[in-house]
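To keep things clear, I will list the structure first and then write my remarks on it.
A short reminder: the numbers here are calculations on the coordinates, not readings from a lab. Quantities reported herein were computed from a predicted structural model and do not represent experimental measurements. For neighbour counting, all protein chains shown are included, and Cβ atoms are generated from backbone atoms with ideal geometry for every residue, glycine included.
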């Protein structure tokens, strides 16, 4: 009986000694698992500050276009990039109606400026056909440290040209679309102190009258950062803007 009691007591002591060891092992295992998960989360972060490369589908830029740095971004010291997608016609000109923003970092700062710059791009198109899904990246980098840029913005602005804030894709008239008619309209208007358009007239249209109503409606929705002269906003007359209507191939 004594021998049996001694064995039972030893077994209880061994179990008591094994319990803290088991708890310690489980604690270390849990910590290791959490550490691995934390490392996985960190390494899984994508760096959106690095702009992707342009993808021009074999086209060679003939005329580069430097975008205007939006005043709001410059004032806040914001840098970034925009990737646009568009089509290029047989002569190497960007088809304005196909311009769209694929990605913008950070969002809400550079899209309209990049779209305006894209309209001025031209390429060497050796293939002689319309090239679709061209992807082009505009980068926005301040040439001076942020604190210097902000101090400069606080000084009086002697002159700053109009800066488009948006790009409007005009609606395609149903009859023209059904009949396969393409064309363009050049509108003339005044940009007010608030950056809105007024006194809109048709300067040129081809074919005559087909797209006029759609162009007038789109022009009325254009918005600009106004022209600055001696640190004051001024209205600008005789601003011309072209809208294009092209059917997909």
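Here is how the numbers come out for the structure above:
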{"read-out": "Computed lengthening from residue 171 to residue 213, 0.36 nm per intervening residue step minus Cα-Cα distance", "value": "14.2 nm"}
{"read-out": "Full-stretch length increase - residue 206, residue 71 - with 0.36 nm per residue and alpha-carbon distance subtracted", "value": "45.0 nm"}
{"read-out": "Kirkwood hydrodynamic radius of region 153-249, from inverse mean 1/r over distinct Cα pairs, in Å", "value": "14.6 Å"}
{"read-out": "Sites residue 141 and residue 229 - FRET efficiency at Förster radius 25 Å, r taken between beta-carbons, to 0.05", "value": "0.35"}
{"read-out": "Distance between modelled label sites at residue 246 and residue 122, nm, 7 Å Cα→Cβ extension", "value": "1.5 nm"}
{"read-out": "Relative contact order %, region 184-249, counting alpha carbon pairs below 8 Å whose residues are six or more apart", "value": "44 percent"}
{"read-out": "Pairs of Cα atoms farther than 22 Å apart, region 47-155, %", "value": "35 percent"}
{"read-out": "Efficiency of FRET from Cβ geometry, residue 181 and residue 54, R₀ 51 Å, rounded to 0.05", "value": "0.95"}
